[in-house]
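Peer 1: Mind looking over this structure? Questions follow.
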Amino acid sequence: MRFDELDIPAPVLEGIKTAGFAECTPVQALTLPASLQGKDITAQAQTGTGKTAAFLISVFSRMLTMPTPGRGPSPRALVIAPTRELVVQIDAEARILGGPAGFKILPVFGGIDYEKQRSDLSKGVDLLIGTPGRLIDYLKQKVYSLSKTQFLVIDEADRMFDMGFIADLRFLLRRMSPYDKRQSMLFSATLSHRVLELCYEHMNNPELFSVTPEQMTVEVVEQELYHVGKDEKFGFLLGFLRRNAGGHFIIFCNMKSTAEKLQLFLNANGFDSAALTGDIDQKKRMKILSRFKDGSLSVLVATDVASRGLHIDGVTHVINYDLPQDAEDYVHRIGRTARAGAGGKAISLACEDYVLSFPEIEAYIKQKIPVIPVTDEMIVTDYKKVSTRSRRSEPPSFGKKTGPKSGQRRPHGGGQKTSDSRSGGPSSQRRPKRSGKPSGQNTNQKPAPATSTQS
């Protein structure tokens, strides 16, 4: 389906053309006919499938065809998103799609000029995009009102629950015009029972749309898993990056300390990288993302603060340096590649600390992730260490490096006790030299809990 086949006003079609869109993605083809007629919709689709354009095109088209409620403190449309990064992405796309129509668009979120945002909002806007906390802050100060807002969009609704924003979201919804006096749209990568309950409580008989619900991961993402010991992970990662020179990588870690340490080791070994974690101030965060988007930074190391809301074209590889402990996080992480139908590759490293989440991930995505044999040649051993004030730092596995020097053969019988992560059966034998079959690590001990830094 082409956009010019739909009932979309000329200024919005011009914005669509400026954005370089011609054919609708599946989620757009499903939802636009209903949303353009003013119906409430709830849509499930993976990240990177065009959800943002779907609701922006609907909102802008309806704003041009519906009478304005008149001047006042209420924005005509409100978009609520869980993270700063997602707000920035929505704002950027909205300015392209809504530019020709002359809409006044304002993003509000923490970490940047508070008074400037407040001043801009007080002057009135057509489209307000924000995170729950900052939206509530200005609403309580009566900088704006929601009593006459005509359109509501909730993006990444399941993430609202995950990040503890549901109470804030309900606070905002209770202060809006009645559900039958506005058009509401909800988009999410997953639709749990609690999300659906939210839909039916605050929406007007929404139509439910689902794009490939049984296939939770983007089909064009090529997935691979490698069983490596935690003392081998950095050497394997370094070898992989060297073999794929010229790539654009996002590397995910479960803990902030791991991400920061990994950044230091990558920089020391010739890979310009930056770490994106939850405690980085907004100006620095935006500078890092800008460098990564324009290609001047090839490696972004991140905690799960970056697993959603980042729309960066050209990410060739997502690398799970640590396997996520939540299966849904795996889906959102690998969704950072293969955006808008492009190809991409997701690489996961399963060490003894996090391997137990592997079966749960496969069960959730309803498919087997190919396990690739690890050979000695894949693991770099002669990398540079990083000096700190207190001591000479070990690789970001927090384990002592025990591998052979570069050029030496891996000794027979070396390594740690292993187990097969698929069967969970521990092995009492010492690991032999790799012969093409992957091996995991001892899973008798309880894995260290993963902590995810959030925005």
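Peer 1: Which members of segment 175-190 meet the condition of being of a type outside the set (Gly, Ala, Ser) and assigned to a loop (DSSP other than H, G, I, E, B)?
Peer 2: Those that are of a type outside the set (Gly, Ala, Ser) and assigned to a loop (DSSP other than H, G, I, E, B): Arg175, Met176, Pro178, Arg182, Thr190.
Peer 1: Okay, moving on. Check Lys261, Lys256 and return the single one that is farther than 16 Å from Cys351 by Cβ and basic (Lys, Arg).
Peer 2: Lys256
Peer 1: Follow-up. Please note which helices (runs of 4 or more DSSP H) are completely contained in segment 200-300 and include at least 2 residues that are touching a residue at least 24 places away in the same chain (Cβ under 8 Å) and of a type in the set (S, T, N, Q).
Peer 2: Helices (runs of 4 or more DSSP H) meeting the threshold: 256-268.
Peer 1: Related question: Among the residues of segment 144-164, what is the count of those that are surrounded by 20 or more Cβ atoms within 10 Å (Cβ to Cβ) and part of a loop (DSSP other than H, G, I, E, B)?
Peer 2: Adding up the residues that qualify gives 5.
Peer 1: If Thr18 meets every condition in (1) more than 24 Å from Ser188 (Cα to Cα); (2) at pLDDT 95 or above apart from one, which number is that one?
Peer 2: (2)
The values are calculated or read from the model by the stated rules, or taken from the named source; none is laboratory data. A quick note: this is a predicted structure, and the numbers were derived from the prediction, not measured. Please note: Cβ atoms are built from the backbone with ideal geometry, for glycine as well, and neighbour counts cover all protein chains shown.
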